[in-house]
Structures are given as structure tokens and as C-alpha cells.
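Following: one structure in C-alpha cells, then a few remarks.
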Amino acid sequence: MSEPADKTATNTAQSGGPLQLLRRLVVLQPGEGPVLLAAFAMLFFVFTSYSVLRPVRDTMGSRDVENLPMVFWGTFVIMLIIQPIYGWLTSRFQRKVFLPWVYSFFVLNLLAFYLWFNLQQDHTWIGRTYFIWVSVFNLFVIAAFWSLMSDVLTREQAGRMFGFIAAGMSVGGLVGPILVTSLTKPLSSFRLLGGAEVGAHEMGTINLLLVSAALLLLSLPFMFMVNSWDDAHGSARQKTAAAAEGGLGGSMWDAFAQVVRSPYLLGIAGFVFLLTWVTTPLYLQQSSFAKHFIASDDDRTRFFATIDFWVNTASLLSQFLLFGRLFKWLGTRVLLVALPVIMLAGYLVFAVQPAFAVVVWVYAIRRVVDYAITRPSRESLFTVVSRDEKYKAKSLIDTFIYRGGDATSGTVLTQITKALPISAVGWFGAAISLIWLVLAYGLGKAQERGKGEQAQSAAAPLAGASHG
């Protein structure tokens, strides 16, 4: 009964139109085009929403760089509070219910910040709170998206499609800075509220919060499309995950136990933790240099937006043209070690030549490789764990562990820069990168060989369903 439908889908793809173009970029099986496009669009709107907020956050961070380690700890504490709440949501409500509510919650947060910025003149603590909130927002909405995709797609589909889907981040990362630079000035004269305490030079930035909220809302219809496609095509998963019709069950604290019990998930947590330990020092050094070498907030905002634009341009080209083929040719193991190797080399260069330009280039290259190769490879690691772990343990790793790494590495770096010359940051980063490289290699090897109890428990029922 499925043969005519398969032929129809194949003929459609070969007859011209968008699917024909897609098949030149991605190896697609019949019926996969709609979910690929819906996932791409959803991630595009989510990341465009974030990219509108990011340059403003980085400007606020560079203005208050001495207090950034404290702000990182604040973010970590908020993650500690939010993670059990998110665990409770995933335990009690089905995916189709709690994910739209998570996104809607953040839309309401943006509107609340808009009101706060308009009603209070002194923005010092608003700025710090906003920095923390954007850091939480980014991780939760992106983690929720990839939890959804690792649930909907199999490991084999992820290998073929995650690179293209991840390109939605890069396209959004291109559009976001363009919106910032093109809308800030026109929006400076728009006052939805009285805004008597807010100067015209700030209104454009504040009004961008409304733009970001609208973009995040636009991602919801595409989330519904992904869920609808899964209902129609995800039969193998539905047979092995009857809980899809309800909440995942269990406790709000399950995520912590899942990670502690599983060597495989502990390996992923360690990978993410060390990722932050090689990233945060570069971010803090870039912010410090920017404060000293770039005079005004407006100039720093444009500087950070320009970097974002070119980073996402390079990431987009790599995601469209390279990831799917590299995944097929090299496998997860090689792709996971690519960024640690690059960071090892980059930190060695910084140790010898600790200059602003070196920091900017190394940090930009890190972001390109992370967006184009490391992030989709890391997300594919979760395609072999249980559905429960995809929403609970994964969220814990992507948020709580990530921000914990930010906080601890920021504090350690502060002590290093106080006691030692700046070149010590390079040697410190190189040592961490080497440890990260070893862990990445072992983690990729475990995933490819199906090691770890999560990989085995997930693969067996899926294999049985596919032969049933």
C-alpha cells in the first residue's frame, strides 16, 4: 500500500520545485521534505529572535565586564531553579503541550522586559538581569528545539538532515544583526508606552524586544508542523514510545539521576562542560578588549553585530555544503574532535601573541565550527538515548551544566588574570582543549559503536519495531 505513495513523493521531488533543490543539498528520503523545511523555519525564527537580542546583551556585558563572573553565577543559580520546573513540565505534559507553553512563556518575558525598561530610568540592574535572562532564554529555547528534533528523527535521519536544519541558526544569525542595524534608528521614535524616562538614543534598542517577541511567536506554527509530521510518519517511534500521548512521567529531579547513572550521558555532560571552559575565557577576553579599545556602546553593538553577521555567513555555507557529507565520510568521532583540535591550536597562538585581533579571530572560528559541525554532531549523540532522557537529561546538560561551566570557568579565569600575565590564559585554554579532545574522541567512539546503556536500550526496541 505504501509503494504508490513513495513513487508519488519521488516523482514530486524529481519534477522540479523546492524539493528538487533540497535533494541537491541533502540526501532526502520520500516524505522527509516537509519536516526538513518546517524544522529549518522553526529554528530560523527562534534564532533570529535571539540574534536580535544578542548584540545588546554583549554590549551590556562589555560595559560591566568586571562583574561578568558574578553574572555567570547568577545565571547558574537561575538554571538550578528552572531545571526542576522544566523537569516537572516534561513529566506531566505531552510534548505538544509543554513546548508551545515554554516558548510562549519567553514571549511574555520579553514583553515584561519591555515594560521594565520603559518604566525605570536606571538600567544598571535591568541590564544585568537582562544579560542573565538572555543567557537562559538562548539555552532553553534552542535545547527544547533539539530535544524535539532528536525525538522526531532517527540517528540515520539526523546524520543526513541535522546539518541543513542547523543552517536555520546561521540564516537567523544573519537576519538578526541586519534587523538590529536597520531598525534601531527608525524604532527610536516609536513609543508604544509613555517612555518618559527613556532617552531617544535608547528607545530603538528597547523596541527591538517587541521585534524579538514577534519572531519567537512565528516559530510556533512550524513547531506544530513538525509535530504533525511526526504523527503521520513517526510510526516506529510511536510503537516504542507510547508515552507520546501523555507526559513522560517520573519526577522533576529525574534528569540529575539519569546523568549520574549513565556513563554515556556523563560523557556528553563532560563534553559540554569543557566546551564552556574553552569558550568563556575567550568571551571574557573579547569583552575586556572591546571595553578598552571601542569607546561607545553604539560602536560596540555594531562591532558585535558585524562579527555575528560574518560568523553566521561562514557557518551557513559550511552547514549547507559540508556537514552532511562530512558526517557521511568521517562519522561522529572525527567531527567531535575537530573543534577541540582547532581550539588547542588557537589557544597556543594566543599564548604566544595575546592580542585583541587574535581573540576575535579565534573566538569567531570557534563559533563557526561549533555552529556548522560540533553542534549538529553533539545533537546527534542524543538520537540513541531514550525519549525520557532526550527531554530531561538533555535539557539539564544543555542548560544547567553549560551555565555551570560558564560560572566556574569565569571565576577561575578571573583568578588567573589577577595572578599571572595574560598569556597564561592561552596556556590554560590549551591544556583544557587537550583534555576536551581526548573526551570527544572517546565519546564519538562510544556513540558510533553503540556503547553506553542508553545507546543499547534505545537501539534494540527501534530495531525490533523496524522489522515488525
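The values are calculated or read from the model by the stated rules, or taken from the named source; none is laboratory data. Note that the structure is predicted; figures quoted are calculated from it, not measured. Quick reminder, even Gly has a Cβ in these numbers, built from the backbone with ideal geometry, and neighbours come from all protein chains shown.
When 84, 69 are screened for being touching a helix residue (DSSP H, G or I) at 6+ places or on another chain (Cβ under 9 Å), at pLDDT 65 or above and either farther than 30 Å from residue 153 by Cα or not in a helix (DSSP H, G or I) (or both), only 69 passes. Look at the stretch 138-165: where a residue is farther than 20 Å from residue 45 by Cα and a partner is of a type in the set (S, T, N, Q) and surrounded by fewer than 21 Cβ atoms within 10 Å (Cβ to Cβ), sitting 6+ places away or on another chain with Cβ atoms under 9 Å, you get 157/29; 160/29. Note down all Cβ pairs under 6 Å where the first residue falls in the stretch 108-128 and is of a type in the set (S, T, N, Q), the second is at pLDDT below 80, and they're at least six residues apart or on different chains. Pairs found: 118/193; 118/195; 118/198; 121/197.
Return the residues of the stretch 264-310 that are basic (Lys, Arg) and either crowded, with 22+ Cβ neighbours inside 10 Å or not in a helix (DSSP H, G or I) (or both); say none if nothing qualifies.
Step one: filter the stretch 264-310 for residues basic (Lys, Arg), giving 291, 300, 302.
The one that is basic (Lys, Arg) and either crowded, with 22+ Cβ neighbours inside 10 Å or not in a helix (DSSP H, G or I) (or both): 300.
Within the stretch 396-452, being modelled with pLDDT under 80 and not in a helix (DSSP H, G or I) holds for 449, 450, 451, 452.
Listed here are the residues, each with its yes/no results for (1) more than 27 Å from residue 411 (Cα to Cα); (2) at pLDDT below 70.
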| position | (1), (2) |
| --- | --- |
| 282 | no, no |
| 304 | no, no |
| 314 | yes, no |
| 321 | yes, yes |
| 324 | yes, yes |
| 333 | yes, no |
| 337 | no, no |
